[in-house]
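A short worksheet on the structure shown next.
The values are calculated or read from the model by the stated rules, or taken from the named source; none is laboratory data. What you see is a predicted model, and the numbers here were worked out from it, not measured in a lab. Neighbour counts are summed over all protein chains in view; Cβ atoms, including those assigned to glycine, are modelled from backbone coordinates with ideal geometry. Keep in mind that these areas ignore ligands, DNA and RNA; they rest on the heavy atoms of the full protein, side chains included. Shrake-Rupley method; radii C 1.70, N 1.55, O 1.52, S 1.80 Å.
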Amino acid sequence: MTTLGDSLAASGVSRRAFLKFCTALTSLMALPPGVAPAVAQALAAAKRPSVIWLSFQECTGCTESLTRTSAPTLENLILDLVSLDYHHTLQAAAGFAAEEAREHAMKEFDGKYLLLVDGSIPVADDGVYGTWGGESFVDILAQSAKGAAAVVAIGSCAAFGGLPKANPNPTAARSVSDLIKDKPVINVPGCPPIAVVMTGVLAHYLTFGRIPELDAQRRPVAFYGETIHDRCYRRPFYDQGKFAKTFDDEGARAGWCLYELGCKGPTTHNACATIKWNAGTSFPIQSGHGCLGCSEPDFWDKGSFYKALATADWGGAKTVGTAAAVGVAVGAAAAYLGRKRQDRISKEE
Amino acid sequence: MSALDRIGVKVVAAEDLATGNVSALLHEIAGLLDTWVQKREPASIDLRSLPLSRGDYEELEAALGVGAVTASVDAIGASDVHETRYPGVWRVTHRNEAGEVVADLLEVCEAPAILRAPTEDTADALTRLREMLNYRC
């Protein structure tokens, strides 16, 4: 296997450009900027990993999020760094040739390849609701995970079951971590996840050779460590008690907090408020709609999107009471906590 | 007066409000500059890791200003570098080829690394320069 440094040099990327790339990566991974040269050194020496991407019960939205970028960006560069040996939607091969490529990669890179999965896995009636080539998704996942170094569950369906799992869950959809117990599983939820969050996780693995620090839901702390609410630009209005009551009232026009219109920002861990969407243009709250909470488990079944957290099934009054009481202090402390987290991560690395 | 004008839209951009975080940040920069002056230890702050509103950025830029050095670097997208009114305190903004900001830093050092020629590039430059000379002779 060639190193990443070799393949970058071969494609004419200067060391200065590579250093800049690593500075951006460091910022993306929420590490202190001072470690950028160390990241560059580690990354230049890293081997191009083999990646196998399996798509199960999904809508292809996760792949769309990753590949539909308007111009060559950081995420494309990172994608160029991996050897994507199998991906249904992107590969040219089909049928037996495609399956052969997967089996070949699994054999050659046994114990070393990364398995990326999007979509949930139906287990009802012996997994008959999801098959390809006569094999059930359940079997294909078990087979492919066997020799993987780690499994990355991309999107809320793979991470938590997502929409296929919504009540009454007719196919008995399961998440990757429901079925894979003997491998490290990293959840990268979101419907879809933000492209740079997906690639940031890969970059972290390449740089440090191991999986990033995870929270209780197995999500990387670097991207899911804070709530949408903590970083929301409408947060000052929440602190001042200024809320839009309907989507066309004075408060909505003035850009006030959408909490009472059902925004799930206070209980949703994701990076939308900082990284944003569509080349950094906006995110749901900025375009006037509350957060749906799509990176949290079972968001689809937790009551109306348009009911305030206190009345919806999101752990309700307790969470909200705490959020309201902490108020401004949380906002002011966010910077401190962010830095503290960086310090901790850098020490661990 | 058109029909549109009768719609009472009044936009208050929350992004423009200053949060008060800039004062704390300026004190931190002073602390880092003190360390640089005393021990020659460089440091940097990732601005995107802090909850700064647009108003905060304006306040920060007004407080630090632009000093004697301004440079631009073209490496997988543009990077803008300038020294603030306080020598040793630099603002470095990296953009990708689409023009999006991918890193925004305050660096406290003699000169940001992006401005220095990396050893690997200079070795490569020597090879290429010699090849060019051979071709000329």
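Details
- Local electrostatic count at B:S79 - Lys and Arg +1, Asp and Glu -1, tallied over other residues with Cβ under 10 Å: +1
- Helix A:95-108 and the longest principal axis of the Cα set of chain A meet at an angle near 80°.
- With a 1.4 angstrom probe, the accessible area lost at the B-A interface totals about 3000 Å².
- Near A:G147, once Lys and Arg are set to +1 and Asp and Glu to -1 for all other residues with Cβ below 14 Å from its Cβ, the sum equals 0.
- Relative contact order (percent, whole number), chain A, Cα cutoff 8 Å, 6+ residue spacing: 15 percent
- The long axis of helix B:54-64 is offset from the longest Cα principal axis of chain B by roughly 50 degrees.
- Over chain A, dividing the summed -39,500 (n - 2.57) contributions of all DSSP H runs of at least 4 residues by the number of residues returns a 222 nm mean residue ellipticity of -12000 deg cm²/dmol.
- Taking a ≥ b ≥ c as the square roots of the eigenvalues of the alpha carbon gyration tensor, the stretch A:1-159 is prolate, as a/c is not under 1.5 and a/b beats b/c.
- Accessible surface area normalised per residue over the protein assembly as shown is 47 Å², counting heavy atoms of protein chains with a 1.4 Å rolling probe.
- Summed side-chain charge close to A:G134 - residues other than A:G134 whose Cβ falls under 13 Å, Lys, Arg +1, Asp, Glu -1: -4
- Spin-label model, B:E131 to A:A124: label points 7 Å out along the Cα-to-beta-carbon direction sit 6.3 nm apart.
- Accessible surface of the stretch B:27-77, 1.4 Å probe: 52 percent of it comes from carbon and sulfur atoms.
- Scanning residues 5 or more positions from A:R48 or on other chains, those with amide H under 5 Å from its amide H are A:T2, A:L4, with H placed 1.01 Å from N in the peptide plane.
- Solvent-accessible area, 1.4 Å probe, carbon plus sulfur percent, for chain A: 56 percent
- The calculated FRET efficiency for B:R116 paired with A:W132, based on their beta-carbon distance and R0 = 41 Å, is about 0.20.
- Span from the the stretch B:46-110 Cα centroid across to the the stretch A:246-281 one, whole angstrom: 28 Å
- Classified by the C-alpha gyration tensor, chain A has an oblate form. Its axis ratio a/c, with a ≥ b ≥ c, is 1.5 or above, and a/b does not exceed b/c.
- Shielded residues, the stretch A:1-32 - accessible-area loss of 20 Å² or more between chain alone and all protein chains, probe 1.4 Å: A:R15, A:R16, A:A17, A:L19, A:K20, A:T23, A:A24, A:S27
- One quarter of the convex hull surface built on the alpha carbon atoms of the stretch A:95-184 amounts to 5.6 nm², the projected area averaged over directions.
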